[in-house]
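Participant: One structure is given below, represented as C-alpha cells, and several questions about it will come after.
The values are calculated or read from the model by the stated rules, or taken from the named source; none is laboratory data. None of the values given here were measured: they were computed from a predicted structure. Here the Cβ positions follow ideal geometry from the backbone for every residue, glycine too, while neighbour counts run over all protein chains shown. Surface accessibility is based on the protein's heavy atoms, side chains included, excluding ligands, DNA and RNA. Shrake-Rupley method; radii C 1.70, N 1.55, O 1.52, S 1.80 Å.
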Amino acid sequence: MASRRTTRSFNYLRMGIWENAQNRYIPYHRAVYNYFKNWKLNYETYTLNTVKRFITSDTVFIVGAGPSLNRLTKSHFEIIAQHDSFAINYAFLKNEIRPTYLQLSLEKDWGLKYMVEALEHGREQVRDSVFFLHTKALSRMAHPKSTPEFFSTNPKCCIYRLPDPLRLEKKRPFTKTDFDKTVFYRGTLTLVLELALCLGYKNIVLLGID
C-alpha cells in the first residue's frame, strides 16, 4: 500500500513538472514579479474538507453557461438563491446568480484571455464565491499572487488534488460499476459533479447544461 502511494505521488509530481514546463500561464520572471508585487494581498485557502463550512443546504445547483439559463424566471432564481450553487466557467456572468463556488477550466489556449476579460467584467458577481483550484492549475502557476486576474479581489480558494479520471480499457458503453470510484470522466462538468459528491450534497440540480 505504501509503495502504491509513493508511486502515485511520484506520478503527480512528474505530471506537475510536465504541466509547468509545457503549459504554464506566465513566464517565470513575471510570476516572481507578480508574487512580490502582490505580497500583501489577502486571500483564504481551504481544502475539500474545510470548505464544507460554506455549505448552507443539502441541495446544490450546478450552473453551466448554456442559453437555457435565459428561460429561468424570477421565481426560479428565488429558489436557487435559497440553496448553494456551483458555477462552471462563464456561468457566473448570469447576474441573477451569485455562485457559492466557481470552477474555471483555465485552459491555456485562445480562450484564456476571454475568461480573464469575463472575470474583470463580472468580478462583483464572484466577490464572495469560493474559487476551486486543482493541482494541475497550480502546476501551471495559477495562484492569487502570481495570476490575480484569475480570481476575485481578496479571494477564497479551495485547493484540491485533481482526481484520477475514469478510464475505459476499450471503446464500449458505460456500465454502472464504472462509476463506483468516480464520476469524473472528462470535462469540467463531470469534475464538478465529482466535487459536489465529495462535498456531500444530497440533491444535485443541473442548470444551463445544454
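Participant: Express the accessible area of the chain per residue in Å², computed with a 1.4 Å probe while the remaining protein chains stay in the model.
Facilitator: 60
Participant: I've got another one for you. Need one number: nm distance between label points at Glu169 and Tyr33, each 7 Å from Cα along Cα→Cβ, rounded to one decimal.
Facilitator: 5.3
Participant: Turning to a different aspect of this structure: Go through Lys113/Lys136; Lys52/Lys181; Lys52/Lys108; Lys94/Lys156 and tell me which ones have a Cα-Cα distance over 24 Å in this structure.
Facilitator: Lys52/Lys108
Participant: What does the C-alpha gyration tensor say about the overall shape of segment 25-70? Classify as rounded when a/c is under 1.5, otherwise prolate if a/b is larger than b/c, or oblate.
Facilitator: It comes out oblate by the Cα gyration axes.
Participant: Starting from the residue with the highest accessible area, list His121, His134 in decreasing order, probe 1.4 Å.
Facilitator: Sorted descending by solvent-accessible area, the residues read His121, His134.
Participant: Taking segment 124-210, which chymotrypsin sites (Phe, Trp or Tyr not before Pro) meet the DSSP loop condition and have no more than 11 other C-beta atoms within 10 Å?
Facilitator: Passing sites in segment 124-210 are Phe174.
Participant: Just subtract the alpha-carbon distance of Arg53 and Ile79 from 0.36 nm times their residue separation and send over the number in nm, one decimal.
Facilitator: 7.2 nm
Participant: If you count the DSSP beta bridges with both ends in segment 91-178, what percent of them are antiparallel, to the nearest 5?
Facilitator: 0
Participant: If I take every Cα pair under 8 Å that is 6 or more residues apart in segment 11-158, average their sequence separation and divide by the length, what percent do I get for the relative contact order?
Facilitator: With pairs under 8 Å counted, the relative contact order is 34 percent.
Participant: Hey, another quick one. Leaving out ligands, DNA and RNA, and with a 1.4 Å probe, what % of the accessible surface on the chain is carbon or sulfur?
Facilitator: Looking at the chain in its full context, I get 55 percent from C and S.
Participant: Could I have the simple spin-label model distance between Thr188 and Asn42, label points 7 Å from Cα toward Cβ, reported in nm to one decimal?
Facilitator: If labels sit at Thr188 and Asn42, their model points lie 2.8 nm apart.
Participant: I would also like to ask the following. Quick one: Debye curve from the C-alpha atoms of the chain, no solvent, what's log10 I(q)/I(0) at q = 0.11, 0.13, 0.16 Å⁻¹?
Facilitator: One equal scatterer on each Cα of the chain leads to -0.57, -0.80, -1.19.
Participant: With a cut-off of 18 Å, note down the residues of segment 164-206 whose backbone N falls inside the zone around a label point 7 Å from the Cα of Glu107 toward its beta carbon.
Facilitator: 165-166, 184-193
Participant: Summing -39500 (n - 2.57) over the DSSP H runs of n ≥ 4 in the chain and dividing by its residue number, what mean residue ellipticity at 222 nm do you reach, to the nearest 500 deg cm²/dmol?
Facilitator: -10000 deg cm²/dmol
Participant: Then there is this: For Pro165, what charge total do you get from the other residues with a beta carbon under 11 Å from its beta carbon, if Lys and Arg give +1 and Asp and Glu give -1?
Facilitator: +1
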